[in-house]
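S.K.: Can you read through this structure? Questions will come right after.
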Amino acid sequence: MSRWEPDARGRLAQAALELFAERGFDRTTVEDIANRAGLTKRTFFRHFADKREVLFAGQDEFRAGFVSALADAPTSATPTDAIAISLAAVGASFEGRREFARERRQVIAANPELQERELVKLASVAAALADALRGRGVEEPEASLTAETAMAVFRIAFERWVADDEQRDLPELIAESLGALSRLASTP
């Protein structure tokens, strides 16, 4: 094994997803992942704290992407419009990552512990969005309702996006989900 390999992190992530799909998350070890990637356990731990982090690495950046896009929305935007801008920006950041997202979703769906971790991740984004909305002067309960609704819209659009038969891009599905929500909210 050579001391330096290009894209070790990417190779480790791909090896992990393959092994999680073949053997299941619980029956895959860090050593298995490193061996599949042609790297050492030590190299694995330089990139990831544990095997769960292969699936959840970038969680802080994910949350920050929502908050940053919300902060960039015009101050004149309504809370709903500002959230729509945030959702669209984050959705666009997933361009070219559909296959990884599909594989990741399958691994998470097969493991209750990982499902819980995913829900915690989304709840942390909702809390950060609610804080950002309050920072924009949005009162409660509107700030929390808007943030929680945003995460529901994102989650539903994302699930549709990673479906095997879906070809549309994530921002389009987010916009469609926002439109459906708007129609529901205006229905007597």
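Each value in this text was obtained by applying a stated rule to the coordinates, not by laboratory testing. Predicted, not measured: the structure shown is a model, and the values here were computed from it. Positions of Cβ are backbone-derived with ideal geometry, glycine not excepted, and every protein chain shown enters the neighbour counts.
S.K.: Within 10 Å, Cβ to Cβ, of Gly91, how many net charges do the neighbouring residues add up to if Lys/Arg are +1 and Asp/Glu are -1?
M.R.: -3
S.K.: log10 I(q)/I(0), Debye, Cα-only region 58-186, no solvent, q = 0.12, 0.13, 0.18 Å⁻¹?
M.R.: The Cα Debye sum returns log10 ratios of -0.44, -0.52, -0.99.
S.K.: Based on the Cβ-Cβ distance from Arg155 to Ala49, what FRET efficiency comes out when R0 is 22 Å, to the nearest 0.05?
M.R.: 0.30
S.K.: Still on this structure: Taking 0.36 nm per residue of sequence separation and subtracting the Cα-Cα distance, how much length would be gained by fully extending the chain between Arg27 and Asp131, in nm to one decimal?
M.R.: Working it through step by step, the gained length comes to 33.5 nm.
S.K.: Hey, with R₀ at 30 Å, roughly what FRET efficiency would Phe62 and Glu113 work out to, going by the Cβ-Cβ distance, to 0.05?
M.R.: So the FRET efficiency works out to roughly 0.95.
S.K.: Which peptide among 79-85, 116-122 comes first, and what is the full order, when sorted by highest mean count of other Cβ atoms within 10 Å?
M.R.: 79-85, 116-122
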